[in-house]
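Worksheet: the structure to be examined is printed underneath.
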Amino acid sequence: MHKLLTVCLMLMIRNIFGKQYVAGTSMTRLMVVAGARPNFMKVAPIMKALERRSGLFEVTLVHTGQHYDDQMSAVFFNELGLRSPDIALDIGSGSHAEQTGRTLMALEVTLIKHRPDLVIVVGDVNATLAATLAAKKLKIAVAHVEAGLRSHDPTMPEEINRVLTDRISDFHFTTDHFADSNLKREGFSEKSVHRVGNVMIDTLLTYRDRAARSDILDRLGVKTRGYALATLHRESNVDDPENLARLLSAFVQLSKTLPIVMPLHPRTEKRLDTSGLKGLLASSRVMLISPLGYFDFVKLMDMSCFVMTDSGGVQEETTVLGIRCLTLRKTTERPITCEVGTNMLIGPDPAAIMKNALPLVSNTARQDSAPPLWDGYAAERLALVLERRFDARSLSAA
Ligand code: UD1
Ligand code: UDP
């Protein structure tokens, strides 16, 4: 009877304060949300840093299901040692409104049920914004990891997601001084901004040696520095068949000098299928392949002559690997990579591709540099901030 009363009392306290009481102390309840490929590399080190503090934090991992193919999701859970999600929402694909709306609705139910003290979101995908909105409308605090990045291009869905997520987040974890300045200019309190470094680079540095053992070069029949690596998936580059055709024609032209390996994002693969543009590449040395697992992809970046991309994460990873990167966009939210010097923002322009790529074929020197705090310990710094802020006894997230 006494035992039953104690359990009832604990449940009542938990319901009132949204906390779980263990051995006389309270656990802070964190919910980490991931949905799309680049999110998994970001949440992996965060999960590990939080799980190292298992006496303080109780962590729930949610996968929204924005990306769902094995090669866009499961492969990263396996390779990066991420535990299976506690909650899988299976949202899937759709228009922006459908995908964001469905995630928002499903997360609201999840949040009401679990009542975390803090929701942690990463990056700039639809899952990031939906989780932030759902949490804040329920008066649950949000931490945005990779806050403050700005392309200043309001037509990018990712820019909308970043700006709105930052606006209502309580913690802004930033990667570099550009992000800090953006947030300062936008009027955020300095108290909310914590420059911890780059969690995606934590993952890169953790797995670089493992990736070096991948046999992907042999499987593709390419040699170290004997190929360029290309990825494309931005709406602006691949959804309009004319833009896509221009970029592919430049790749075909360049591949006369150097083979190009191109792992195809499913968005791009679908556009190639529906537009019939695959024919453009026939008998060229542009090798279209399926999306790769992390180890294979990192090895391909690391051993490439140079990289051409519109990916955000790849601009950062090539910077740390010291591999030259040509970014096929008009803007970047990651200007630090250009400041360091590995990245060149050349636009989605065929003439610029030829002009800038050809000199790189004969100059394969690496650049050895990385921005401050891109050192493998960003997630640990982030966890320390949360540890200090969420005093186990105070129940306050302020
Ligand atoms: C999303 C993000 C983008 C990020 C990219 C990382 C938004 C607005 N965009 O773009 O910022 O850089 O992820 O890769 O959140 N598809 C599959 N299988 C999958 C996932 C997607 O076939 O596992 C196909 C579907 O046809 C889908 C399309 O790819 O409609 C696009 O997927 P979606 O998540 O909407 O956008 P991404 O282009 O992947
Ligand atoms: N990546 C991968 N396999 C691929 C392409 C990319 O593992 O075939 C990794 C890459 O190393 C980086 C992340 O996926 O860690 C970047 O994701 P993506 O380019 O899809 O998204 P973005 O960073 O542009 O949001």
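Table for the structure above
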read-out: For segment 84-127: Kirkwood Rh in Å [reciprocal of mean 1/r, alpha carbons]; value: 11.6
read-out: Gyration tensor verdict on segment 46-136 (Cα atoms; rounded if a/c is under 1.5, prolate if a/b is larger than b/c, oblate otherwise); value: oblate
read-out: Label-to-label distance, nm, for residues given as Lys330 and Lys355 (7 Å Cα→Cβ offset); value: 1.7
read-out: Using θ = phi - 60° and Karplus 6.51 cos²θ - 1.76 cosθ + 1.60, couplings along segment 145-152 (whole Hz; Gly, Pro as x); value: 9, 5, 6, x, 6, 9, 8, 6
read-out: For the chain, calculated [θ]222 nm from helices alone, where every DSSP H run of n ≥ 4 adds -39500 (n - 2.57); value: -14000 deg cm²/dmol
read-out: Cβ-based charge dipole, the chain, positive-most Cα from Met344, Gly279, Leu373; value: Leu373
read-out: Only Lys, Arg (+1) and Asp, Glu (-1) charged, at Cβ; the chain dipole about Cα centre in debye; value: 560
read-out: Listed residue (Ala211, Ile140, His152) projecting farthest to the positive dipole end of segment 122-274, Cβ model; value: Ala211
read-out: Value of D in µm² per second that Stokes-Einstein yields for segment 295-398, Kirkwood Rh from Cα pairs, at 10 °C (1.306 mPa s); value: 102
read-out: With every protein chain in place, the chain: carbon and sulfur % of accessible area (1.4 Å); value: 56
read-out: If the convex hull is drawn through the Cα atoms of segment 172-310, its volume per residue in Å³; value: 137
read-out: Solvent-accessible heavy-atom area per residue, rounded to whole Å², over the chain at 1.4 Å; value: 42
read-out: Leading residue at positive end of dipole, the chain (Cβ point charges), from Ser362, Gly35, Pro45; value: Pro45
read-out: Distance between modelled label sites at Ser249 and Thr274, nm, 7 Å Cα→Cβ extension; value: 2.2
read-out: Given charges at beta-carbon only (K, R positive; D, E negative), |dipole| of segment 283-376 in Debye; value: 360
read-out: Length released on extending from Ser95 to Lys223, taking residue separation times 0.36 nm less the Cα-Cα span; value: 42.1 nm
read-out: Net length gained if the chain between Val109 and Asp69 were fully extended (0.36 nm per residue, minus Cα distance); value: 11.9 nm
read-out: Sequence-separation-based contact order of the chain, relative, with Cα cut under 8 Å and 6+ spacing, percent; value: 16
read-out: Orientation-averaged projected area, Cα convex hull of the chain (nm²); value: 19.7
read-out: Where a label projected 7 Å from the Cα of Ser181 along Cα→Cβ would reach, residues of segment 356-380 with amide N under 20 Å; value: 370-374
read-out: Tilt relative to the chain, helix 350-362 - C-alpha long axis, 0 to 90 degrees, to 10; value: 80
read-out: Considering only the chain, percent of DSSP beta bridges that pair antiparallel, nearest 5; value: 5
read-out: Gyration tensor verdict on segment 168-245 (Cα atoms; rounded if a/c is under 1.5, prolate if a/b is larger than b/c, oblate otherwise); value: oblate
read-out: For peptides 351-360, 318-327, 111-120, sequence by mean Cβ density within 10 Å, most packed first; value: 318-327, 111-120, 351-360
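The values are calculated or read from the model by the stated rules, or taken from the named source; none is laboratory data. The model shown is predicted, which means the values in this text are computed figures rather than measured ones. Note: ideal-geometry Cβ built from the backbone for every residue, glycine included; neighbour counts use all protein chains shown. Note: areas computed on protein heavy atoms with side chains; ligands, DNA, RNA excluded. Shrake-Rupley method; radii C 1.70, N 1.55, O 1.52, S 1.80 Å.
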